[in-house]
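Chemist: Mind having a look at this structure? Questions to follow.
The values are calculated or read from the model by the stated rules, or taken from the named source; none is laboratory data. Nothing here was measured: the structure is a model prediction, and the numbers come from that model. In this analysis, Cβ positions are derived from the backbone assuming ideal geometry, glycine residues included, and neighbour counts consider all displayed protein chains.
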């Protein structure tokens, strides 16, 4: 009698234990990771700006869920959940970073547009002043012709010289505006434009986007002043071997020349030299001074194409 009663009870207990053993396990870390994963999936910026990182997070999340479904140990589930959580965090942080970079780029474009409009206004103002000066000169010449009955050869030559002077003044004004934007300095060797180390990749000779924009401005100056040439000199600090520094200085100078040629400047107007660590502008005794020494100097020739040698 007792055996007949206990047999169904034992059978039901076994069934309940079997059902419990097949239910997916979970942990608090896995639950939190699932919430993070859902938030990342619902964020269109993460999906768009960090697709590779999200695919890696997908795989890691799938591994963690599979471990839970297979009733693996809590330690293994938490380890896989931690990995997935980290990858989800990487995707979210990368998306935030790219959003911030895009905002910075948009702000830079807006500033460039404002500067362009300012330069255009300045050029228009200079042209208007030149036109007014020319009109005044014409009126003076006409008054002299009426008073004297005819214009003398001296008056004609004076007018031509005045026109040339105005044209030169306009060209010089335009050149000064362009050079001011490049932060050019007048030295004993002439006008010098310095490209700092931050315009190149670290220990590389490749110009970054800011560097390319700066070189484009220089190309515009050269295309507007065809009689001028440039000497590009590469310099480094004293970190590393002399051979490495010499090679890096030459490659950086060459990178600037290649960019100018790509932007339409004739190659025969551009000379390059690499000086390595030979001509520092500051002592190489701290990081700030060493960064000043890592530079490319561009010396603009005079109107006759001449450059004072070092």
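Chemist: Please give the number of the condition residue 115 fails out of (1) in contact (Cβ under 8 Å) with a residue 24 or more places away in the chain; (2) assigned to a helix (DSSP H, G or I); (3) surrounded by 12 or more Cβ atoms within 10 Å (Cβ to Cβ).
Modeler: The single condition residue 115 does not satisfy is (3).
Chemist: Of all residues in the range 254-293, count the ones that are free of Cβ contacts under 8 Å to residues at least 12 places away in the same chain, closer than 27 Å to residue 216 by Cβ and over 21 Å from the mean Cα position of the chain (by Cα).
Modeler: 3
Chemist: I'm checking my understanding of the structure. Among residues of the range 186-202 that are under 17 Å from residue 280 (Cβ atoms) and surrounded by 12 or more Cβ atoms within 10 Å (Cβ to Cβ), which one is farthest from the chain's Cα centre (by Cα)?
Modeler: Just the residues of the range 186-202 that are under 17 Å from residue 280 (Cβ atoms), to begin with: 187, 189, 192, 194-197.
Still in the running and surrounded by 12 or more Cβ atoms within 10 Å (Cβ to Cβ): 189, 192, 194-197.
Numbers: 189: 30, 192: 22, 194: 16, 195: 13, 196: 13, 197: 13 Å.
Here the residue is 189.
Chemist: On to the next question. Can you list the helices (runs of 4 or more DSSP H) found entirely within the range 1-64 that contain at least 3 residues being more than 26 Å from residue 77 (Cα to Cα) and modelled with pLDDT under 90? Before you say what the answer is, go through the steps one by one.
Modeler: Details: elements: 2-22, 28-41, 44-49.
By residue number, 2-22.
Chemist: Only one of these is touching a residue at least 40 places away in the same chain (Cβ under 8 Å), closer than 30 Å to residue 102 by Cα and in a strand (DSSP E or B): 195, 218. Name it.
Modeler: Details: 218 fails: in a strand (DSSP E or B).
On inspection, the qualifying residue turns out to be 195.
So that you can scan it fast, the table gives a plain yes or no per residue for (1) farther than 23 Å from residue 308 by Cα; (2) part of a helix (DSSP H, G or I); (3) in contact with a strand residue (DSSP E or B) (Cβ under 8 Å, 6 or more places away or on another chain):
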| position | (1), (2), (3) |
| --- | --- |
| 163 | yes, yes, no |
| 191 | no, no, yes |
| 213 | yes, yes, no |
| 233 | no, no, yes |
| 237 | yes, no, no |
| 245 | yes, yes, no |
